[in-house]
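What follows is a short report on a single structure.
All of the numbers you see were taken from the coordinates with simple rules; none came from a lab. Every value quoted in this text rests on a predicted model; they were computed, and no experiment measured them. Note that each Cβ is placed from the backbone with ideal geometry, even for glycine, and that neighbours are counted across all protein chains shown.
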Amino acid sequence: MNETNTTIRFEFGNMDRIKKVDIKEVEGKLKLKEDVSMKKELIRKKYDEEFKREAVRLVVEEKRVAAEVERNLGISGGSICHWKRLLKEDEKNPFPGKGFRRPQEEKLYQLKRENNRLRQERDILKKAMAIFSTNR
């Protein structure tokens, strides 16, 4: 009996659903193993800046309905409205990409990190004071 592990991909709108399955060969035919557990993972589609700008342009300049454009392009609902809002907030760099932040977001992130560090230092000092003041 020959067993293999394979991956099957199904597409639903803008999301791919991947199922990993174990297959065994029985009498020359491929069959799923009965005791296999299906693992589901979602893969997000990524759109480049030009695609996002063009989708927003279709809605804004050509006066098309956002839901219709999303359906035609295979985009999840609400994406174009989100992209439109991002373009309105920052026209130069509306889609910085994963791992990149806008300058104001980066400043807020740095301040939060510093705030957490200072709280940890304060808590350590409080505990140290409590230890040294009770041992006298």
Seminar exercise, completed: Within the range 95-112, the residues that are touching a residue at least 12 places away in the same chain (Cβ under 8 Å) and within 20 Å of Arg44 (Cα to Cα) are Phe95
For this session: Go through the range 83-102 and give me each residue that's farther than 18 Å from Ala55 by Cβ and more than 21 Å from the chain's Cα centre (by Cα).
Result: Lys92
